[in-house]
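The values are calculated or read from the model by the stated rules, or taken from the named source; none is laboratory data. These numbers were taken from a predicted model, which means no experiment stands behind them. All Cβ positions, even for glycine, are placed from backbone atoms using ideal geometry, and neighbour counts span all protein chains on display.
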Amino acid sequence: MPDASPTPRFAGRSSPDRRPGDSGFGRLFREVFTFDRLEVVSLIHSSIYFALLISAFLLDGPQPWTFIFGLSHGLIWIAMSIISVLAVHYRVINLRLAVAVAVLGCVAPFFGSAEFLRQKHQMKAASR
C-alpha cells in the first residue's frame, strides 16, 4: 500500500518560518547582489546616463558615442530593474528603492542613485 502521508503540492515552497532567501538560489543571490554592489552599479549607470545627456544635447549627438551611451543606459536599466525585483524578494533592498531604480530609473537613473545614498546614510546613522 502506498504511503498515506500527504505530499506537499508545491515542493520547496517556503513555510511561514522560512525567509525567501533561505533557499540555495536565494543565498547565492544575496552573496552576489549585495546592497553595496547594487549601489556601485547604480552610480555607474547614472554616470553613463549623464554622459548620454552631454553627448546628445551639448555635443549635438556625435555618433557612435550617443548610440553607445544610449544602448548602455537601456541595457543597464533593464538588468537593474530585473535584479531590483528579485532583490526585494530576497530582502537585499526594500520596495521604495526598487521603485526608484525600476520605475524612475528609465527616465533618470539619478533617482535610484540618490535613494541608494539616502538609505546608506540612514543605515549608518542607525548603526551608531
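Being touching a residue at least 60 places away in the same chain (Cβ under 8 Å) and farther than 17 Å from Ile44 by Cβ is the filter; apply it to region 82-108 and report the residue that is surrounded by the most Cβ atoms within 10 Å (Cβ to Cβ).
Ranking the candidates gives Val92 first.
Under the condition of being within 15 Å of Glu39 (Cα to Cα) and among the aliphatic types (A, V, I, L, M), which residue from region 109-128 is surrounded by the most Cβ atoms within 10 Å (Cβ to Cβ)?
Ala114
Which one is surrounded by the fewest Cβ atoms within 10 Å (Cβ to Cβ) among residues in region 29-54 that are part of a helix (DSSP H, G or I) and hydroxyl-bearing (Ser, Thr, Tyr)?
Residues of region 29-54 that are part of a helix (DSSP H, G or I), as a first pass: 29-32, 35-54.
Okay, now just the ones that are also hydroxyl-bearing (Ser, Thr, Tyr), so 42, 46-47, 49.
Working: Ser42: 26, Ser46: 21, Ser47: 13, Tyr49: 22.
Among them, the one singled out is Ser47.
Would you mind finding the one in Leu97, Leu52 that is more than 14 Å from the chain's Cα centre (by Cα) and either at pLDDT 95 or above or of a type in the set (S, T, N, Q) (or both)? If you could, list the steps in order and put the result at the bottom.
Details: Leu97 fails: more than 14 Å from the chain's Cα centre (by Cα).
Testing whether each residue is more than 14 Å from the chain's Cα centre (by Cα) and either at pLDDT 95 or above or of a type in the set (S, T, N, Q) (or both) leaves just Leu52.
Could you list, in sequence order, the residues of region 55-90 that are outside any helix (DSSP H, G or I) and under 19 Å from the mean Cα position of the chain (by Cα)? Quick ask: steps written out before the conclusion?
From region 55-90, those outside any helix (DSSP H, G or I) are 59-64, 90; that's our starting set.
The one that is outside any helix (DSSP H, G or I) and under 19 Å from the mean Cα position of the chain (by Cα): Tyr90.
If you check every pair at least six apart or on different chains, which have Cβ atoms under 8 Å apart with a residue in region 38-49 that is closer than 8 Å to Met80 by Cβ first and a residue that is hydroxyl-bearing (Ser, Thr, Tyr) and part of a helix (DSSP H, G or I) second?
From region 38-49, the pairs are Leu38/Ser84; Ser42/Ser113; His45/Ser113.
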